[in-house]
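Here the structure comes first, spelled out in structure tokens, and everything after it is commentary.
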Amino acid sequence: MFLNELSPISGVSGDEKRVREFIKKTIKDKVDELYEDKIGNLIALKKSKFSSTKGKFAFFAHMDEVGFMVTKINEDGKLSIQPIGGVDPRLLPGKRLRIGDKNILGVIGFKAIHLQENKTDVPKYQNLSVDIGMGKKSEAEKLVNVGDYAVFDVPFEEYDSHLIGKAFDDRGGCSLMMDLIFENLALPFDVYFAFVVQEEVGLRGSGIAAEEIKPDVAIVLETTTAGDNPELEEYRWATHIGDGPAITFMHRGYVVNKKVYDWIINTAERKNVKYQYKRRTAGGTDALSIAKRLSGIPAGVISIPCRYIHGPSSVMFKDDYHITLKLLKVLLEEGEVILS
Amino acid sequence: MKDIIKILTEISAPSGREDSIAEKILEVLDGNFDGYRRDKLGNLIVWKEGKSEKKILFDAHMDEIGVVVTNVDENGFLRIEAVGGVNPYTLVGSRINFSGITGVVGIEGESLKSAKENLKNLGFDVLFVDVGAKNKEEATNKVKIGSFGTYDAKFQDLGDRLVSKAMDDRIGCAVMIQLLKEMKEPLNSIYCVFAVQEELGLVGATVAGYDIEPDVAIAIDVTAHGDTPKAMKRIPMKLGNGPALKIMDGYSISDRKILEFLENLAEKEGIPYQLEILPFGGTDAGAYQRLKAGVPSATVSIVTRYVHSPNEMVDYKDVLNTVELLKIFANSEISF
Amino acid sequence: MKLEEFLKLVANEFGPGGYEQRVVELIKKNISKYSDSVKIDKSGNLIAIKRGNGKGKLLLEAHVDEIGLVVSKIVSQDYIRIHMVGGVDFKILPGQRLRIFGRDGKIYRGVVGMLAPHLQKSTERNKAIEYDELFVDVSMNVEKPKIGDMAVFDVPTSEFGDGLITGKALDNRSSCAVIFEVFKSLSKIKHEVDVYALFSVKEETSGIGATTGGYAIEPDVAIILDVTHADVKDPTAPDIKLGYGPALGFGPTVDKEIFSDLKKIALDNNIAYQLEPLPGRSGTDADNLQLVKKGIKTGLVSIPLKYMHTPVEIVSLKDLKETVRLLTSYIISLNLEG
């Protein structure tokens, strides 16, 4: 598992270079081809050992995470920020950020509770600012630039059975792909691994990678929201911790290709791998943009359930990760079914 | 042609689950084509070779709106979410057909006040479906999570007016079938795309033209009406006034040259037609116009009352006139 | 023709989404003499080419369409109903004069009317008038407009203040005028890259022209020219002001190298510029063009503009001229061989 190394890296949409360099460096001796495309997607190929391969299979996971951009340096030396991807501003008060290439520390304060006239004031980007310890615009400008990217400044933590960290969405998927690359499986066909950019700002990088690879079938590996908490009735959970990978039958804008969906479910059943359904249809994944490229690419989605995604403290159950990895391995062993 | 409309509309095939309708279309076509294929996303593409070099793509989507099961509770009640633009109000009092299993829709309400409130702000989160099961196991044996369903409604012939679920867009499919049947030797080659997953965002049409590279694309779909009591006052379309040539909708503006070409054809041949402005919604033309270096695209609509309900109503003469107009179009020398 | 004259000419011309033929022809007529070839493609885009020495392909893109209105229903001899083509705020409509361009070639007049305030209930009087309550009075025309005819605001383009211009459709005819001016200067300057100008259609309604035009041209580098909001009061909005030069966009949808090249050119040549951080998408044709085929490296240069999508948009001539200098210098510096 590479999540411990991947999670702390800063890599907001459009600024994925550090994640890309880490992955490149780590997998370069384990793959047959490795290249970067015009928009910054990293594409790796593991060739089949067999001479007569049936087609191309591709996995996709996105390298980018949600975060922030500095949009203005104010006269008082504080920074205004806007979100990149969906970050609820109510998460921000009292958090630390790391800003720009120099990793400058910034804190987000909020008017002290004693001083608030209206205690139910809702934090919005318009009434939040980042304090980098500088009292003047000219001083702040020495440390940060307008346009710098920022992420939550939080450590990765590992316990017996759980992991806590930022950016699990979708470094979890990236880690799964790296594990598959390192497994040195006897692949029955060529397998591409696309580490893509800009998912969080509208599923942007994946379509270009798909056009580059031209796969016959694609599986998107995601980290998805788990709803198993006391504020939500069970029937409203999208997924939950502890029951293995979540399989998507439909999400925003796309019903998962029936052949691919049936193949995933049937293989899991037959090989006795625990799985759950992704039970809400809101939200989209790169499967949508991949399916719509070229003359159509059947695409499926498999996700690791994870609590509190898009926040500084996502919680993942290790077993869910490992069961997901197991499912992917069986699918690869049985993959000829779907390519034929 | 009414028989074909009845057969097509009564098939249950929501977005992403179009195999049954694709098979039925092929059966009804009865060999009236030069070739066909299902593409990678499931679009059914049927063609007839013409004498000219030009390729016309006609498109009607074969999916319909529906629901999908997202949960089954301990007592055997199902939770559902929408597949495409299903108005939850149309589900209240309706039956749902899950591949032969019937479900009825209920609304939560722990008090009279909350029942009233739930009905007022109706959403899928307060609806459930009862398939007559007494517990989770019995329900799951009938309908699994991830099962798709549609309205359970029958076709009815009211004379000039026809009523059914899924007129959107089986009526367009019926028009294309009739075109293929009636056109023995078209001047231009015609490719009829029976597209998948239109209701989710033009999924099938986005890829269907990729290998065909047509010179022109015409989507045939339903559109809203403005001719019932206090209907939307900025919409001009009326049932029975002929095929509606779309100026624009929420997704696309019809190519001006095609629009005016069709207008002139209708004038010349004495086929009634009307002009359409739809302030919302969209058709597969929105996808074809952005294909590769661009395909000039337009939409010919069949005005339909009560779109996305179990009782969509069309005028039969509008349907016949649409077939007539498109037939002449397919046989015209075009310069697009 | 001077930059401001050309801008007035094209801003006054009619061209909402799908109905850009008049303005496209107007630009074609004027830019032809500075181009090696000019054509209109199947989507209606105008493409002009100024050849260099074949050392790569640079695309300058600007959408040519404007927001507008369409006749959606004929109510009576005197009245019609309308719908917007692109994002037209209904709040600016009451009392507006319109020019309605018939598909038959005739031009009609219209006045946007509403129920007089003293006839409205007091509760209604504080609410904005939405499309469903608006109507257009066409009684003054002998012949009447028909469903599908499109309208634009009937306002002149005027110079005022300190080198400012106000009028309709400055979004994005300002960029069209800049490209025209760049082509004029290229006819006198040696450059290595082939320069393609794409005046694209239907941006305001769907962004189609840039996608299809970009697909056919497949440039090595593309610079999108559009306008951006100036003097926004929101505390998180970037500081962009009228008269301080073009805004260089940067963020996920912009290629980092192109952005830093443009910035360097501006600094080296003492050209005024401003920065426009773009978290997420840019809301311009850059978003679509970047994703064409296997990806296109895109830069974004925006002209600051106030009161976007109204009949009283404002731009600064200085910003337009600085944009011309920036692009011309960039083109001279460019060699994309190999």
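The values are calculated or read from the model by the stated rules, or taken from the named source; none is laboratory data. Model, not experiment: these values are computed from the prediction. For neighbour counting, all protein chains shown are included, and Cβ atoms are generated from backbone atoms with ideal geometry for every residue, glycine included. Protein only, heavy atoms only, side chains kept; ligands, DNA and RNA dropped before computing areas. Shrake-Rupley method; radii C 1.70, N 1.55, O 1.52, S 1.80 Å.
Things to note:
- Close amide H contacts of B:ASN71 (hydrogens built in the peptide plane, cut-off under 5 Å, sequence separation of 5 or more or a different chain): B:ARG79.
- Relative contact order of the range B:151-236, defined on C-alpha pairs under 8 angstrom at six or more residues apart (%): 21
- In terms of packing, defined here as the mean over residues of other Cβ atoms within 10 angstrom, the peptides B:107-115, A:41-49, C:39-47 line up highest first as C:39-47, A:41-49, B:107-115.
- Residue pairs exceeding 23 angstrom between C-alpha atoms, taken from B:LYS246/C:LYS73; C:LYS57/C:LYS190; B:LYS55/B:LYS181: none.
- Backbone N under 15 Å from the B:ASP157 label point (7 Å along Cα→Cβ), restricted to the range B:1-27: B:1-10
- On Cα atoms only, tilt of B:19-29 relative to the major axis of chain B in degrees: 40
- Only helices enter the 222 nm calculation for chain A: every DSSP H run of n ≥ 4 contributes -39,500 (n - 2.57), and dividing by all residues gives -7000 deg cm²/dmol, rounded to 500.
- In this structure, the residue pairs whose Cα-Cα separation is over 25 Å, taken from A:LYS292/C:LYS297; A:LYS24/A:LYS259; C:LYS2/C:LYS297; C:LYS29/C:LYS294; A:LYS17/A:LYS72; C:LYS2/C:LYS91, are A:LYS24/A:LYS259; C:LYS2/C:LYS297; C:LYS29/C:LYS294; C:LYS2/C:LYS91.
- Amide hydrogen proximity for B:SER94: with H placed 1.01 Å from N in the peptide plane, the residues at 5 or more positions away or on another chain lying under 5 Å are B:VAL105.
- For the protein assembly as shown, diffusion coefficient by Stokes-Einstein and Kirkwood Rh (Cα), 37 °C, 0.692 mPa s, µm²/s: 108
- The label-point distance for B:THR228 and A:LEU294, in a model that sets each label 7 Å from Cα toward Cβ, rounds to 4.5 nm.
- The relative contact order of chain C comes to 23 percent, based on Cα pairs under 8 Å that sit 6 or more residues apart.
- Rounded to the nearest 10 degrees, the angle from helix A:168-182 to the longest Cα principal axis of chain A is 40 degrees.
- Within the shell of other residues whose beta carbon sits under 14 angstrom from the beta carbon of A:THR267, the net charge comes to +1, with Lys and Arg scored +1 and Asp and Glu -1.
- GNM flexibility winner over chain A from A:LEU143, A:LEU176, A:LEU328 (Cα, springs under 10 Å): A:LEU143
- Mean separation of Cα contacts under 8 Å, 6 or more apart, over the residue count of chain B: relative contact order %: 23
- Each residue of the range B:192-209 is assigned a 3J(HN,Hα), and the resulting list reads 9, 9, 8, 8, 9, 6, 5, 5, 9, x, 6, 4, x, 5, 4, 10, 4, x Hz, derived from the Karplus form 6.51 cos²θ - 1.76 cosθ + 1.60 (θ = phi - 60°), x at Gly and Pro.
- For chain C, convex hull volume per residue from C-alpha positions, Å³: 147
- Degrees, to the nearest 10: A:17-27 long Cα axis against longest axis of chain A: 40
- The packing ranking, built from the mean of other Cβ atoms within 10 Å per residue, places the peptides B:285-295, C:241-251 in the order B:285-295, C:241-251, highest first.
- Backbone phi angles across the range B:220-237, fed through the Karplus curve with coefficients 6.51, -1.76 and 1.60 (θ = phi - 60°), yield HN-Hα couplings of 10, 8, 8, 9, 6, 10, x, 10, 10, x, 6, 6, 4, 7, 9, 9, x, 6 Hz in residue order; Gly and Pro are listed as x.
- Taking 20 Å as the limit for the C-alpha separation, the pairs B:LYS54/B:LYS257; B:LYS238/B:LYS317; B:LYS24/B:LYS165; C:LYS33/C:LYS264; A:LYS124/C:LYS256; A:LYS38/C:LYS293 exceed it in the case of C:LYS33/C:LYS264; A:LYS124/C:LYS256.
- In this structure the amide hydrogen of B:ASP63, modeled in the peptide plane, comes within under 5 Å of the amide hydrogens of B:GLN197, B:GLU198, none closer than 5 places in sequence on its chain.
- Once you reduce the range C:206-253 and the range A:113-154 to the center of their Cα atoms, the two points are 27 Å from each other.
- Expressed as a whole percent, the accessible surface of chain C that belongs to carbon and sulfur atoms is 51, based on a 1.4 Å probe.
- Share antiparallel - DSSP beta bridges, the protein assembly as shown, percent rounded to 5: 60
- B:LYS134 contributes an accessible area of around 150 Å² to the protein surface, as traced by a 1.4 Å probe with all chains present.
- GNM flexibility winner over chain B from B:ILE56, B:ILE25, B:ILE101 (Cα, springs under 10 Å): B:ILE101
- In this simple spin-label approximation, A:GLU21 and C:LYS127 carry label points 7 Å from Cα along the Cα→Cβ vector, and these lie 5.8 nm apart.
- With helices as the sole contributors, chain B gives -8000 deg cm²/dmol at 222 nm; each DSSP H run of n ≥ 4 counts as -39500 (n - 2.57), and the sum is divided by every residue.
- Note on chain C: helix-only mean residue ellipticity at 222 nm, from DSSP H runs of 4+ residues weighted -39500 (n - 2.57) and normalised by residue number, equals -7500 deg cm²/dmol.
- For the range C:167-313, the gyration tensor built on C-alpha atoms gives a rounded shape. Its axis ratio a/c (a ≥ b ≥ c) stays under 1.5.
- Residue-by-residue Karplus 3J(HN,Hα) for the range B:145-155, coefficients 6.51, -1.76, 1.60, Hz, glycine and proline x: 4, x, 7, 9, x, 9, 4, 9, 8, 9, 6
- Cα centroid separation, the range C:83-150 to the range C:265-317: 32 Å.
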